[in-house]
Structure formats: C-alpha cells, structure tokens
Amino acid sequence: MRYERQLLIPQIGQSGQEKLKKSKVTVIGVGGLGSPVLTYLVSAGVGRIQIVDCDVVSESNLNRQFLHHTVDIGRAKVLSAQEKLASLNPEVKVSTVNQRLNPDNVKEYISGSDVVVDCVDNAETRIMAAAACMELDIPLVEGGVRGFYGYVMDIGKDYPCLSCLGYDTVKQKTPVPVLGVTAGIIGCMQANECIKLLLGIGAPLYGRMLNYDGLSGNWEEVHVKKAADCPIHARAEAGKRGK
Amino acid sequence: MIEVRFFATFREGRDKVSLLEPKDFKTAGDILDHFRIHREEVAILLINGLYSPADTAVKDGDVIALFPPVGGG
C-alpha cells in the first residue's frame, strides 16, 4: 500500500492522510527547490497540486532540477514536471500554469490553496507571492539557496515576511550559484514545513529563519520580527478592509 | 560588545561570529565598512531580529545578522 509507512506515524495516521488528500498546494517555481518539494508532496499524497512556472528546461538546470531530464531540454518546465509526477503518483491531481505571475494574476492563481510554497529565483516574485498570500490569508513556505547555504521560513499574515526583513530592496545579480544537493536539502525542508502546515502539527517556522550551512554542517535559527511599517502587511490589511 | 553574525557566503573568509567594541562603531553601516561588505551585497540586515537600514545606530548588546541574496535553485 502506497502510504503504509507514513500511516504508521502517529501524527499522520488515517485522518492525517485524508487531510492531505483533501488539500491543495500551489508550488511556484519548478526548479532546484521545486523539484524536491513537488516530489515529496506528490509522494505523500497531497490531493491537488498546482505548479506555476513560465520557463523552459535548459541544460544548465540539470545539475539540480531533477524533475527535468536531458530529453526535456526545450520543453516547458511545468509539462516536464507534470509528466514525472503523474508517473510517480497517479492518485495526485497535478495542474499546471505555464505563465509568469504578475500583480494582476497572482491572487487568481493562488486562491483556494491551503498552502503556497515559494521556489522562485527572483526577489520580485517572492515579494509578490508573499503579498498575495497574506492578503488571502494563505500560509507561505519560503526557501532560498546560495552555494552551500540556504534557509527556510514560514510566512503568515500575523508573522514577519520578506518585506519585513527588507528583502524587497534586494538587487539580485543572477545567476545565483547553487549546488544541486543544497537545493535538495532546502526543498525537502520546505516540503516538511508544507506537510506540517497542512496537518496542523508540530511547530511551524513562523518568525524563525532556519539557516543551513552545508560546509560546516550546521543549522542555525534566527528569530525575526515583524516590521511595524511593513508595506506588504499594510497592503494585506487594506485589501481585506476593501472586500 | 556588539555581536555580528554572518550567514551564507558572508561567512566565507571570516569567522561566523565577530564581537566588536561598541565605542568603535556608530551605525550598522560602519560595521559593514569594517568588514568591507558593500551595502548592495546585503539582502537582509537585522539588528536584534528587526530589519534595519545601514544608517541605524548600534549599541552595546546588539546582535547583527547579515544575509546575501538567495535564489530558488
């Protein structure tokens, strides 16, 4: 039986498995983080998963984006990923959005999700996704990588977001250096956070930025605070009042 | 003392944590200059867990955390 081993986990069991089956998760970005996130959410039996990415597979993706194979070069990432995920677990409904998120469509696409997982490669989309999630009151699992390092953190309307941390002022020079296994480790942590949030178990990483150092082999937690003048929190509040 | 915690690539070629004499630094920017870190290299600068611009004053007991930008893999 597919889920036999996780049904044995007291915090999951039959009722948790049913909860996962009834859940919907949106994963933004099907790259180095998105590959492990999607693989483990699909393996775990999350019922509906929507994947959003407008990119096509290139050869330089293949050191870390393991849902895409050499034969997929040139194909849309969402289609390449959907094919592998359907083969892994046909019980999961995987839908695709082959578009770039923008301020006009982001809320439409993430609406109805129980959790959103941010696996994108640019600060602009990170901030946009965080703003939309907060406005719709959807928990967001945030993750990022650089070289041998990475972090994971959960974001919610009552907790600090990337804008609270000043991340919206970042001038990111691309491409960011990434070791495939680092993205794998952080993506696995994001999948773990997502499952915790869906099941309402454990201690989510709200206000706790968990940092990974692959060279020293350490995890370090940094407690972060919500900014009083955060524009995203203000926009989310204004959006709710406007409804 | 002021504690400076470096994260990700900022810790390469440095200790992970440095302790500084408060009398030698007025602002967080002075600390960045001390470590030869350009302002635009810093994605997140926290003082005691709170986002702070580089011109924020620093004092004894502060814990500063510095992060570079990240990608999505």
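Mind checking which residues of the range B:45-73 are at the interface with chain A (Cβ under 7 Å from one of its Cβ atoms) and not in a loop (DSSP other than H, G, I, E, B)?
Our first condition is that a residue be at the interface with chain A (Cβ under 7 Å from one of its Cβ atoms); within the range B:45-73, this holds for B:45-46, B:49-51, B:65, B:68-73.
B:LEU45, B:LEU46, B:LEU50, B:TYR51, B:ALA65, B:GLY71 - these are the residues of the range B:45-73 that are at the interface with chain A (Cβ under 7 Å from one of its Cβ atoms) and not in a loop (DSSP other than H, G, I, E, B).
For the range A:190-211, what are the residues that are buried (at least 16 other Cβ atoms within 10 Å of the Cβ) and either aliphatic (A, V, I, L, M) or farther than 26 Å from A:THR26 by Cβ (or both)? Can you show your working first?
At the first step, the residues of the range A:190-211 found to be buried (at least 16 other Cβ atoms within 10 Å of the Cβ) are A:190-199, A:204-211.
A:ALA191, A:ILE195, A:LEU197, A:LEU198, A:LEU199, A:LEU205, A:MET209, A:LEU210, listed by residue number.
Given the conditions (1) part of a loop (DSSP other than H, G, I, E, B); (2) within 14 Å of chain A (Cβ to nearest Cβ), which single one is not true for B:GLU40?
(1)
Report yes if A:LYS171 is more than 17 Å from B:LEU46 (Cβ to Cβ), within 9 Å of chain B (Cβ to nearest Cβ) and free of Cβ contacts under 8 Å to residues at least 60 places away in the same chain, otherwise no. Steps first, answer last, please.
Numbers: more than 17 Å from B:LEU46 (Cβ to Cβ): yes; within 9 Å of chain B (Cβ to nearest Cβ): yes; free of Cβ contacts under 8 Å to residues at least 60 places away in the same chain: yes.
For A:LYS171, the condition - more than 17 Å from B:LEU46 (Cβ to Cβ), within 9 Å of chain B (Cβ to nearest Cβ) and free of Cβ contacts under 8 Å to residues at least 60 places away in the same chain - is met.
Any chance the range B:20-30 includes a residue that's at the interface with chain A (Cβ under 8 Å from one of its Cβ atoms), polar (S, T, N, Q) and either closer than 30 Å to A:LEU38 by Cα or touching a residue at least 12 places away in the same chain (Cβ under 8 Å) (or both)? Please lay out each step first, then the result.
Step one: list which residues in the range B:20-30 are at the interface with chain A (Cβ under 8 Å from one of its Cβ atoms), which gives none.
No, there is no match, as no residue in the range B:20-30 is at the interface with chain A (Cβ under 8 Å from one of its Cβ atoms), polar (S, T, N, Q) and either closer than 30 Å to A:LEU38 by Cα or touching a residue at least 12 places away in the same chain (Cβ under 8 Å) (or both).
Could you run through the range A:1-57 and say how many residues are over 25 Å from A:ALA183 (Cβ atoms), among the aliphatic types (A, V, I, L, M), in contact with a helix residue (DSSP H, G or I) (Cβ under 9 Å, 6 or more places away or on another chain) and at pLDDT 95 or above?
3
Go through the range A:138-155 residue by residue and tally those that are of a type in the set (D, E, K, R) and more than 11 Å from chain B (Cβ to nearest Cβ). Spell out the reasoning first.
Initially, the range A:138-155 is screened for residues of a type in the set (D, E, K, R), giving A:142, A:146, A:154.
Narrowing the set further to residues that are more than 11 Å from chain B (Cβ to nearest Cβ) leaves A:154.
Residues meeting the conditions: 1.
Please enumerate the residues belonging to the range A:66-91 that are hydrophobic (A, V, I, L, M, F, W, C) and in a helix (DSSP H, G or I). If you could, list the steps in order and put the result at the bottom.
Restricting attention to the range A:66-91, the residues satisfying the condition of being hydrophobic (A, V, I, L, M, F, W, C) are A:66-67, A:71, A:73, A:76, A:78-79, A:81, A:85-86, A:88.
Of everything in the range A:66-91, those that are hydrophobic (A, V, I, L, M, F, W, C) and in a helix (DSSP H, G or I) turn out to be A:VAL71, A:VAL78, A:LEU79, A:ALA81, A:LEU85, A:ALA86, A:LEU88.
Working carefully through the options A:GLY156, A:GLY214, A:GLY187, find the one that is crowded, with 16+ Cβ neighbours inside 10 Å and without any contact (Cβ under 8 Å) to a residue 60 or more places away in the chain. Steps first, answer last, please.
Working: A:GLY214 fails: without any contact (Cβ under 8 Å) to a residue 60 or more places away in the chain; A:GLY187 fails: without any contact (Cβ under 8 Å) to a residue 60 or more places away in the chain.
On inspection, the qualifying residue turns out to be A:GLY156.
Of the residues in the range A:31-52, how many are at negative phi and not in a helix (DSSP H, G or I)? If you could, list the steps in order and put the result at the bottom.
Initial filter on the range A:31-52 (at negative phi): A:31-44, A:46-52.
Next cut, not in a helix (DSSP H, G or I) only: A:31-33, A:46-52.
Total meeting the criteria: 10.
Only one of (1) among the small types (Gly, Ala, Ser); (2) more than 7 Å from every other protein chain (Cβ to nearest Cβ); (3) not in a loop (DSSP other than H, G, I, E, B) fails for A:ALA183. Which number is that?
For A:ALA183, the failing item is (2).
Condition first: surrounded by 13 or more Cβ atoms within 10 Å (Cβ to Cβ), within 19 Å of A:GLY150 (Cβ to Cβ), among the hydrophobic types (A, V, I, L, M, F, W, C) and within 9 Å of the chain's Cα centre (by Cα). Can you find one or more residues in the range B:22-39 that meet it?
Within the range B:22-39, not a single residue is surrounded by 13 or more Cβ atoms within 10 Å (Cβ to Cβ), within 19 Å of A:GLY150 (Cβ to Cβ), among the hydrophobic types (A, V, I, L, M, F, W, C) and within 9 Å of the chain's Cα centre (by Cα).
Does the range A:12-30 contain at least one residue that is crowded, with 17+ Cβ neighbours inside 10 Å, acidic (Asp, Glu) and not in a strand (DSSP E or B)?
no
The values are calculated or read from the model by the stated rules, or taken from the named source; none is laboratory data. Keep in mind it's a predicted model, so treat the numbers as computed, not measured. So basically every Cβ, Gly included, is an ideal-geometry build from the backbone, and we count neighbours across all protein chains shown.
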